[in-house]
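The values are calculated or read from the model by the stated rules, or taken from the named source; none is laboratory data. Since the structure is predicted, the reported quantities are computational estimates derived from the model, not experimental observations. In this analysis, Cβ positions are derived from the backbone assuming ideal geometry, glycine residues included, and neighbour counts consider all displayed protein chains. Accessible surface is based on the protein model in full, side chains and every heavy atom, while ligands, DNA and RNA are left aside. Shrake-Rupley method; radii C 1.70, N 1.55, O 1.52, S 1.80 Å.
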Amino acid sequence: MRIRDLLSNQQTPVFSFEFFPPKTAAGEEALFATIEQLRPLRPSFVSVTYGAGGSTREKTVELVTRIKHDLGLEAMAHLTCVGSSRAQLRSILERLQASGIENVLALRGDPPRDQPRFEPPPDGFRYARELVQFIRSESFDFCLGGACYPEGHIEAPDLETDLDHLSEKVAAGVDFLISQLFFDNEFFYSFVSRARRRGITVPIIPGIMPVTNLSQIERFTQMCGATIPAPLHHRLRAADGDPNAVRQVGIEHALQQCRGLLQHGAPGIHFYTLNQSPATRAILAQLLEEEPWRSS
Ligand code: FAD
């Protein structure tokens, strides 16, 4: 099913889980065990990332196909422009289509670590907008998602310029947006208001990452330009060294964020799971019990 249809027919919020392709067979087995543990929560869809530098393209196609056909869960493939020519992108899209995949998250991707600026490959694309235009101009019929950044994309000179580019990307044919992780809902609310004022009308799903490891989240936020609010940072530092305590702080904070977002009418929550189930399971199980969207 297309995610835009899930979003327009929704009685309850659209909950989704993001996974990354493991590097080893044991990691892949562990991933499917994680998905099995999360399955009873009946996610609306799950997504599989595309490795940095386009490194996991085969695995991404293989995993979404397996998730959709063997597990019966709706699946979305991430696809990046990095390192791929148009012919290579076309071939991946053809394989996804032939495998019955209906949803693609169209991304630019990050430059490789040793390359400070993004350089488009020969005969490839510089921006996600161009990938969206390409997919729409070929005979593909995917439902397309795009990425957005409540605190601004790290390379953008300012929030307004970033929003100009987002607006162009959506106009090229994006059906819905998923946000970068954030830890202060005010960034998301303000971003959605500014996006709506710009005429961006597609659903915007907030992306939430429950913190389970302090140094990991410090590294991620530095890379993507998201802010860890001082009180949360303080609680995490106080718990550091005790993995259970850190996880508990992360769960409590993410749960609080999700409650607020759903009460404010967010169309769903996209969980960055990092291929782990316990934190996401605890949060979503609690939300399904409380149904905070009913009090909005
Ligand atoms: P774009 O929308 O192309 O934007 C990139 C930058 O270019 C922005 O600063 C934008 O303002 C600027 N820009 C856009 N158009 C123009 C223009 N016309 N002129 C000048 N500047 C312009 N990365 C992966 O490698 N694999 C994944 O699977 C993956 N999944 C992700 C999932 C989500 C939900 C999110 C939020 C991010 C994900 N990323 C992934 C990271 C993403 O690839 C990076 O953040 C990347 O740096 C930007 O990708 P984009 O699609 O947002 O790019």
Please give every one of the lysines within straight-line cross-link reach of residue 23, meaning a C-alpha to C-alpha distance under 26 Å, and leave out same-chain neighbours fewer than 8 residues apart. 59, 68
Of 201, 65, which has the most accessible area with a 1.4 Å probe, and how do the rest follow in descending order? 201, 65
Using modelled amide H (1.01 Å from N, peptide plane; none on Pro or chain starts), what sits under 5 Å from the amide H of residue 208, excluding residues fewer than 5 places away? 270, 271, 272
Order the following by accessible area, largest value first: 186, 289, 151. Probe radius 1.4 Å; ligands, DNA and RNA are ignored. 289, 186, 151
How big is the accessible area of residue 63 in square angstrom, nearest 10, if you roll a 1.4 angstrom probe over the protein chains? 0
Run the dipole for the chain about the Cα centre, Lys and Arg Cβ at +1, Asp and Glu Cβ at -1, nothing else charged, and hand back the magnitude in debye, nearest 20. 220
Residue span residue 98 to residue 158: 0.36 nm per residue of separation minus Cα-Cα distance leaves a gain in nm of 17.6 nm
Full extension from residue 9 to residue 215: what is 0.36 nm times the residue separation minus their Cα-Cα distance, to one decimal in nm? 70.2 nm
Determine the distance separating the Cα centre of the range 33-92 from the Cα centre of the range 170-214; give it in Å without decimals. 21
For a bin width of 5 Å, list the pair-distance distribution of the chain built from all Cα-Cα distances, rounded to whole %. 1, 5, 12, 16, 19, 19, 15, 9, 3, 1, 0
Taking the full set of protein chains and a 1.4 angstrom probe, give the accessible area of residue 211 in square angstrom, rounded to the nearest 10. 10
Starting from the Kirkwood radius over alpha-carbon pairs of the range 78-202, derive D by Stokes-Einstein at 4 °C in a medium of 1.567 mPa s and give it in µm² s⁻¹. 85
Full extension between residue 189 and residue 138 adds, at 0.36 nm per residue less the Cα distance, a length in nm of 14.8 nm
Counting only protein heavy atoms and leaving out ligands, DNA and RNA, the solvent-accessible surface of residue 281 at a 1.4 Å probe, in Å² to the nearest 10, equals 100
Counting only residues 5 or more places away or on other chains, whose amide H sits under 5 Å from the amide H of residue 183 once H atoms are built in the peptide plane? 227
Please give the net charge around residue 164, taking every other residue with its beta carbon less than 13 angstrom from that of residue 164, where Lys and Arg add +1 and Asp and Glu add -1. +1
Intensity falloff of the range 149-285 expressed as log10 I(q)/I(0), Debye formula with alpha-carbon point scatterers, at q = 0.14, 0.18 Å⁻¹: -0.65, -1.02
Surface accessible to a 1.4 Å probe, per residue, for the residues of the chain, Å²: 45
Please report, to one decimal in angstroms, the Kirkwood hydrodynamic radius of the range 1-147 built from all distinct Cα-Cα pairs. 15.8
Once you place label points 7 Å from the Cα toward the Cβ at residue 69 and residue 33, how far apart are they in nm? 2.6
